[in-house]
Amino acid sequence: MMYKNKQFYLCERPEGVVSSKAVPQREHIIEAIQDGELIIENQYISIDPAIRGWMRDEPSYMPPIELGSVIRSSTVGKVVASCHPDYQVGDRVYGLSGWETYSVSNGFFLNKIPDDSPYPENYYLSIMGAVGLTAYFAITDRSGLKSGETLLMSAAAGAVGSIGGQIAKQMGCRVVGIAGSDEKCGWLKTIGFDDTINYKTTEDMTAAIARACPEGVDVYFDNVGGEILDAALLNLNSHARVLFCGSIASYNATEPVPGPYNWWQILARSAEVRGFLISDYLAQFPEAALTIGQWLDEGKLEFREEIVDGFDNCLSAFNRLFDGSNNGKMLVKV
Ligand SMILES: NC(=O)c1ccc[n+]([C@@H]2O[C@H](COP(=O)([O-])OP(=O)(O)OC[C@H]3O[C@@H](n4cnc5c(N)ncnc54)[C@H](OP(=O)(O)O)[C@@H]3O)[C@@H](O)[C@H]2O)c1
């Protein structure tokens, strides 16, 4: 059987906000697969800020997407043809593939959704997938956060931030979230955040953080970088940790990004900056997913997904991550 595959691919390296000229669509026919390969019909595509970094030609934790290649992303789907000994037609799978309707895989970076899983497929790209696990490992392991400490979270109403904040609350911490609208801040309060700051309506972020964190910041979970990082640095406690998870404020930058200007505070507070990379934790994914599943079942975690209907909307959904108009984990339903 032949499959007509629609793809978004990298035609040129984007400058600033990604245009359809840099990332256009194309179609091709998948006619046959080799021994050891399978074809996945993608059902949901994960739309992640990190993809913007993979479009750049610079050293990172993964090679850049090559010009002419499909846009790399996580997907969840169903096996529709298989010449691979470990996969049968009908298996539900999730893993790394791309913005395309069908993916040919050799099984690399691919996992099966257990037949008895009580969760819908899309959960494997959100709460049970890389963003849920990022929040889990960053908070419980890499940040060094301890009960009674204060956590300040940026992009707090987003996928990673909202889950991470709730895990920190469960650990007995004071949790303050920074987000870009009153609606998002209101939602964060309903899921247990102690205080929130709308950075788009706050003039003096340094003073606002000081008010919301009267005992100072022990862990700043940085998803954003830029001016918010600078304001957080001025509120660190002695031996604080800055968990560097992302820097979305600069992903579309067209010039080199200066700063952080208050870097001296790392020395002044004997603080530590800890880089976090989810792929360091691959071997522990199954165990962590069990814990997250248990918390979900017990009603201890809430999360939001924004599911955009239609494959053709991958690029517009992606660009909405950078103006904050997404509400929770951004997914495209193919
Ligand atoms: N290190 C890792 O292994 C790893 C893994 C997954 C994700 N990440 C990082 O985690 C961060 C969050 O990712 P996510 O998937 O959970 O996305 P998300 O938070 O669901 O969506 C991105 C959010 O970032 C905020 N934002 C965008 N531009 C901003 C700016 N200039 N200043 C302040 N906030 C801005 C927006 O919320 P507002 O409305 O609040 O502005 C937007 O909703 C990203 O930096 C991502 O790269 C890292």
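The values are calculated or read from the model by the stated rules, or taken from the named source; none is laboratory data. This structure is a prediction, so every number in the text was calculated from the model and none was measured. Because the Cβ atoms are built from the backbone with ideal geometry, glycine has one as well, and the counts that use them run over all protein chains shown. SASA here: full protein model, heavy atoms, side chains in, ligands and nucleic acids out. Shrake-Rupley method; radii C 1.70, N 1.55, O 1.52, S 1.80 Å.
Only residues that are crowded, with 16+ Cβ neighbours inside 10 Å and outside any strand (DSSP E or B) were counted in segment 210-227, giving 7. Restricting attention to segment 228-254, the residues that are near the ligand (Cβ under 10 Å from one of its atoms) and either assigned to a strand (DSSP E or B) or under 18 Å from the mean Cα position of the chain (by Cα) (or both) total 10. Checked against (1) outside any helix (DSSP H, G or I); (2) farther than 22 Å from residue 329 by Cβ; (3) not basic (Lys, Arg), residue 192 passes all but a single condition, namely (2). Filtered by the rule that a residue be farther than 17 Å from residue 65 by Cβ, in a loop (DSSP other than H, G, I, E, B), at pLDDT below 95 and open to solvent by 40 Å² or more (accessible area, probe 1.4 Å), segment 108-120 gives 114, 115, 116, 118. Being assigned to a strand (DSSP E or B), in contact (Cβ under 8 Å) with a residue 60 or more places away in the chain and open to solvent by 40 Å² or more (accessible area, probe 1.4 Å) is the requirement here; does residue 274 meet it? So residue 274 passes the test. Candidates 146, 189, 169, 200: the one that is open to solvent by 20 Å² or more (accessible area, probe 1.4 Å), within 14 Å of the ligand (Cβ to nearest atom) and not assigned by TED's automatic domain parsing to the domain that holds residue 323 is 200. Collect the residues in segment 310-334 that are open to solvent by 30 Å² or more (accessible area, probe 1.4 Å), more than 15 Å from the ligand (Cβ to nearest atom) and not in a loop (DSSP other than H, G, I, E, B), keeping them in residue-number order. Listed by number, the residues that qualify are 312, 313, 333. For segment 279-294, the set of residues classified as free of Cβ contacts under 8 Å to residues at least 40 places away in the same chain and buried (at least 16 other Cβ atoms within 10 Å of the Cβ) is empty.
For segment 276-306, a tally of residues being of a type in the set (Gly, Ala, Ser), within 16 Å of the ligand (Cβ to nearest atom) and more than 15 Å from the chain's Cα centre (by Cα) returns 3.
With respect to residue 207, determine if the residue is within 15 Å of the ligand (Cβ to nearest atom) and outside any loop (DSSP other than H, G, I, E, B). So residue 207 fails the test. Confirm whether residue 117 is of a type in the set (Gly, Ala, Ser) and within 13 Å of the ligand (Cβ to nearest atom). So residue 117 does not fit the description; no.
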